[in-house]
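Below is one structure, written out as structure tokens; comments come after it.
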Amino acid sequence: MSKYSKTIAGCMSWGQWGKKLSTPKMVDLIHFCIENSITTFDHADIYGDYTTEAEFGKALKESHIVRENIQLISKCGIQYIGKSRSNKVKHYNYSKEYIVWSVEESLKNLQTEYLDLLLLHRPSPLMNPKEVSEAIQQLKNEGKIRDFGLSNFTPSQTELIKSKEEVLVNQIEVSLTQFSAMLDDSLQYMQLNKIQPMIWSPLGKYFKEKNDQNTRIKNELENLCKKYGVTESQLLLAWLYKHPVNMIPVIGTTNKDRIIESVKAQSIELELEDWFALLVASQGHKVP
Ligand SMILES: NC(=O)c1ccc[n+]([C@@H]2O[C@H](COP(=O)([O-])OP(=O)(O)OC[C@H]3O[C@@H](n4cnc5c(N)ncnc54)[C@H](OP(=O)(O)O)[C@@H]3O)[C@@H](O)[C@H]2O)c1
């Protein structure tokens with residue numbers, strides 16, 4: 001039984017980097033997610049140029065939701081160039097001091113005592129597994145994080161961190177338009193090592209760009225939407241659920257109808273040949 005809901009609400013676009021939701025709208029959306037069995041909320045320190053966690057935290061406090069009934073994920077490590085920090089160049093920082101400080105900032109902003117899950121946001125060429133582990137052990141001992149994982153890490157980068165610290169999750173990009181993890185060893189590695197994949201941008205570029213790949217996918221989806229009686233975005237999610245690794249999609253929509261649709265996609269059983277027909281449409285050629 002996973003600690004996280006089967007669909008996760010991604011909060012990257014809830015604030016300044018997207019919908020700029022007011023506090024009452026955020027309170028309403030948090031309640032709506034929970035009513036629809038989405039209890040896990042995905043954050044990162046940088047979202048909204050380091051502002052979205054605090055906006056969400058304010059809403060969470062006003063919502064009077066019992067903390068134990070939800071799960072909060074956050075990430076650290078990206079030193080982003082924005083209004084609030086004086087970085088000269090975008091970079092990654094995984095020193096012990098920085099990781100601990102960053103988590104403490106996230107806790108203050110989210111107005112919570114602990115994170116259910118902390119992720120290192122992106123791999124850095126300079127990361128030192130021993131130092132990362134010291135930070136994680138300290139945060140766990142102080143009760144500030146419950147679990148630890150990674151994001152955007154390859155299998156060998158994961159092995160490096162895993163040599164010193166237990167890794168429970170890797171949050172990576174997978175979708176019908178960005179399917180490399182389906183064909184390389186990323187997902188098999190997680191399956192073998194019992195690392196839970198969380199999937200960001202699960203709808204890929206399908207709704208974001210007009211190009212030949214999306215036209216081919218659209219043609220295929222048209223028939224399948226009729227066959228299964230579902231929407232395009234539901235089929236894009238069902239395509240991910242077909243993989244035996246048990247992916248948890250992190251969905252970005254703040255639209256209530258689409259949130260409900262996304263949760264319902266869990267029960268769509270895509271037939272084998274339909275799964276491959278979508279892959280073929282996306283890559284533009286048949287499998288070898
Ligand atoms: N770990 C990482 O490095 C990383 C990187 C990026 C993102 N993330 C996480 O992943 C989450 C999700 O990312 P994402 O927003 O790219 O995911 P997504 O769920 O693939 O895409 C959401 C976008 O698609 C639009 N959309 C959904 N259904 C649609 C439809 N039927 N028609 C038209 N547009 C539709 C949504 O618009 P509406 O809102 O208008 O519905 C929204 O803009 C983020 O919030 C963040 O938490 C993590």
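The values are calculated or read from the model by the stated rules, or taken from the named source; none is laboratory data. These figures come from a predicted structure and were not determined experimentally. Ideal geometry is used to build each Cβ from the backbone, glycine not excepted, and the neighbour counts take in all protein chains shown.
Tallying residues that are more than 15 Å from the ligand (Cβ to nearest atom) and touching a helix residue (DSSP H, G or I) at 6+ places or on another chain (Cβ under 6 Å) within region 38-81 yields 6. Filter region 219-262 down to the residues that are of a type in the set (D, E, K, R) and more than 12 Å from the ligand (Cβ to nearest atom) and list them by number. Selection gives GLU220, GLU222, LYS226, LYS227, LYS242. When every residue of region 279-287 is checked against the conditions, none turns out to be modelled with pLDDT under 95, at positive phi and away from the ligand (no atom under 16 Å from the Cβ).
Can you find a residue that is closer than 18 Å to HIS64 by Cβ, among the hydroxyl-bearing types (Ser, Thr, Tyr) and either out of contact with any Pro (no Cβ under 9 Å at 6 or more places or on another chain) or within 12 Å of the ligand (Cβ to nearest atom) (or both) anywhere in region 27-37? Checked against the condition, which is being closer than 18 Å to HIS64 by Cβ, among the hydroxyl-bearing types (Ser, Thr, Tyr) and either out of contact with any Pro (no Cβ under 9 Å at 6 or more places or on another chain) or within 12 Å of the ligand (Cβ to nearest atom) (or both), region 27-37 yields no hits at all.
Please name all residue pairs, on different chains or six or more residues apart, with Cβ atoms under 7 Å, provided the first residue is in region 201-218 and is hydroxyl-bearing (Ser, Thr, Tyr) and near the ligand (Cβ under 9 Å from one of its atoms) and the second residue is assigned to a helix (DSSP H, G or I) and at pLDDT 95 or above. As it stands, the answer is TYR206/ASN214; TYR206/ILE217; TYR206/LEU236, since those pairs meet every condition given.
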